[in-house]
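Enquirer: Below: one structure in structure tokens.
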Amino acid sequence: MSNRTNHTRRSSSDFPEDFLWGVATASYQVEGAVGEDGRGESIWDAFSRTPGRVRHGHTGNVSVDQYHRYPEDVRLMADLGVGAYRYSIAWPRIQPEGTGAINPRGLDYYKRLSDELHRQGIRSAATLYHWDLPQVLEDAGGWPHRDTAYRFRDYAAACFRELKDHVDMWITLNEPWCSAVLGYGVGEHAPGLRDRTRSWAAAHHLMLAHGLAVQAYRSELGTSGVHRKAPIGITHNLETPRPATQRPGDVEAADRAMDMRTRFFFDPLLGGPYPERHFAAYPKETPPPVHEGDMEVIAEPIDFLGLNFYWEPVIAADRDDPEGFRLVESHHKTTDMGWPVTPRGLYRHLQWVWKESGGRYPLYITENGCAMPDELTPSGLRCHDPRRVSYLREHFTAALDAIEDGVDLRGYFVWSLIDNFEWSYGYTKRFGLIYADYVDQRRVPKDSYYYLREVISGVEEL
Ligand code: IFM
């Protein structure tokens, strides 16, 4: 730790000069226009229209209609002063059947969006998969089925080929833990299955898909030259649980919790195996079906690691729990999602990833933000969200501390640009810097938007 004190005054201009500030969204959460221009059906279309899956029966059919309103959203980003927009490409727009022919009208949308971003001097950061698997591929077995990894490779190769002049930063997958565990293990996300064996198979095939896509990137774009300037990485929501006490039982419990939540997705990127301890302790859970050579594919070198951080869990040993540990209730204030606000956890998280990876890859925070109560003024022209402003301030400070203590953190994307479809919570949680009126599609920048604008311009004291 450096010799900072609580009284050291920090300013946003203390961030490195080329630090990349950005905002993030994802296709199904903001685009709407699900039936337009030849888009195929995704697992989230099917899931959200199944009664009981999403609160109030909400769907992403319209959302904030970014598919049509992107010029307005890009203008708002330009006024905010961000250097990059992280969005995701909807696979069913590019390959409505999940495989084979490319849909040029789908591709065109991402070209138009990127061109608009470039006109405003904003970099285009594309995530290839943020959970909207073409439904036809789910019908054929989905991520638990090995073939899906190869279909993803083909789709990714098409995107690299067709969008190489438009995209400045590539992210293969967003939070594969969620796709695998929430989607196939817990049933909270599409496709809504509850099967732990299938969930670990899905996790492995997602990791394999990532490695295959990185290989496709090299074969499509070469290893040097102009397109190679667009770096490629993956985004994880790794958790680094803290033990409730320093008693050996709690320390071991936190370490074990880390295995399946974090190490499973992190170690193989660096050439390590999947953690074996978990499967040895739970013989009922079938380890993932790893074929010879898979781990080498997964460890294909990348250019950066993207981290999504929301909160830090605290874990205690618990003999009554089937896994031997439990989440300790937090004494911290919480967000609208019930997630504890733990900015020092972000500092520890960045330090952990940086040290564990031996500093191999530069880091980006590809998502951080919160759902908080917003207060729209009676005139409807302003929206006050003081708790989001404090949340961001505290997390920016933690990130700056980590940088000053040696972590190579290159950028920070706030989740989210605008309120949107929060998966199984539908529209009941608002994460945006911009308030969305879902009836008339009016956008109202919140106080946190203006706060971030000051931060980016380097004039704000943190
Ligand atoms: O909205 C999600 C996003 O799609 C993935 N990361 C977490 C966000 C908040 O839950």
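The values are calculated or read from the model by the stated rules, or taken from the named source; none is laboratory data. Since this is a predicted model, take the numbers as computed values, not measurements. Here Cβ is always computed from backbone atoms with ideal geometry, including for glycine, and neighbour counts include all displayed protein chains. Surface areas here come from the heavy atoms of the whole protein model, side chains and all, with no ligands, DNA or RNA. Shrake-Rupley method; radii C 1.70, N 1.55, O 1.52, S 1.80 Å.
Enquirer: Leaving ligands, DNA and RNA out of it, report the carbon-plus-sulfur percent of the accessible area of the chain at a 1.4 Å probe.
Expert: Carbon and sulfur: 49 percent of the exposed surface of the chain.
Enquirer: Specify the longest stretch of the chain that does not include any exposed loop site, a site being one of the GluC sites (Glu not before Pro) with a non-H, G, I, E, B DSSP assignment and at most 11 other Cβ atoms within 10 Å. Each step should come with its number before you reach the end.
Expert: Working: sites that count: 17, 276, 292, 329.
Longest gap between qualifying sites, sites excluded: 18-275.
Enquirer: Alpha carbon centre of the range 366-391 versus the range 392-462: separation in Å?
Expert: 9
Enquirer: With every protein chain kept in place and ligands, DNA and RNA left out, what is the accessible area per residue of the range 222-356? Probe 1.4 Å, answer in Å².
Expert: 48
Enquirer: According to a simple spin-label model (label point 7 Å from Cα along Cα-to-Cβ), what is the distance in nm between residue 195 and residue 99?
Expert: 1.9
Enquirer: Between residue 251 and residue 139, what length in nm is gained on full extension when 0.36 nm per residue of separation is reduced by their alpha carbon distance? Spell out each step's value before the answer.
Expert: On the way: separation 112, 0.36 × 112 = 40.32 nm, distance 4.22 nm.
Separation in residues times 0.36 nm, less the Cα-Cα distance, equals 36.1 nm.
Enquirer: Would you mind pulling out the separation of the Cα centroids of the range 61-95 and the range 213-236, in Å?
Expert: Cα centres, the range 61-95 to the range 213-236: 23 Å.
Enquirer: While we're here: How do 170, 354 stack up against each other in accessible area, from largest to smallest, with a 1.4 angstrom probe?
Expert: Details: 170 0, 354 50 Å².
Result, largest first: 354, 170.
Enquirer: List the residues whose amide H sits under 5 Å from the amide H of residue 236, counting only those 5 or more places along or on another chain, with H placed 1.01 Å from N in the peptide plane.
Expert: Sorted by chain and number, the residues that satisfy this are 175, 306, 307, 308.
Enquirer: Taking only protein heavy atoms into account and a 1.4 Å probe, give the accessible area per residue of the range 150-220 in Å².
Expert: 28
Enquirer: Could I ask something else about it? Just want to confirm a number: the relative contact order over the chain, from Cα pairs under 8 angstrom separated by 6+ residues, in percent.
Expert: Values: 956 pairs, mean separation 82.9, N = 462.
Value for the chain: 18 percent.
Enquirer: Pull up all non-local amide H partners of residue 376: gap of 5 or more, or a different chain, and H-to-H distance under 5 Å with H placed in the peptide plane.
Expert: Hits under the 5 Å cutoff: 384.
Enquirer: Please identify the trypsin sites (Lys or Arg not before Pro) of the range 1-97 that satisfy two criteria: DSSP loop assignment and at most 15 other Cβ atoms within 10 Å. Which are they? Please list the in-between numbers first.
Expert: Details: sites: 4, 9, 10, 39, 49, 53, 55, 69, 75, 86, 93; in loops: 4, 9, 10, 39, 49, 53.
Sites meeting the loop and neighbour criteria: 4, 9, 49.
Enquirer: In deg cm²/dmol and to the nearest 500, what is the mean residue ellipticity at 222 nm of the chain if only DSSP H runs of at least 4 residues count, each as -39500 (n - 2.57), divided by the residue total?
Expert: -10500 deg cm²/dmol
Enquirer: So what are the ³J(HN,Hα) numbers for the range 442-454, from phi and the Karplus equation (6.51, -1.76, 1.60; θ = phi - 60°), rounded to whole Hz, Gly and Pro as x?
Expert: Once θ is set to phi - 60°, the couplings for the range 442-454 become 6, 10, 10, x, 8, 4, 5, 4, 5, 5, 4, 4, 5 Hz.
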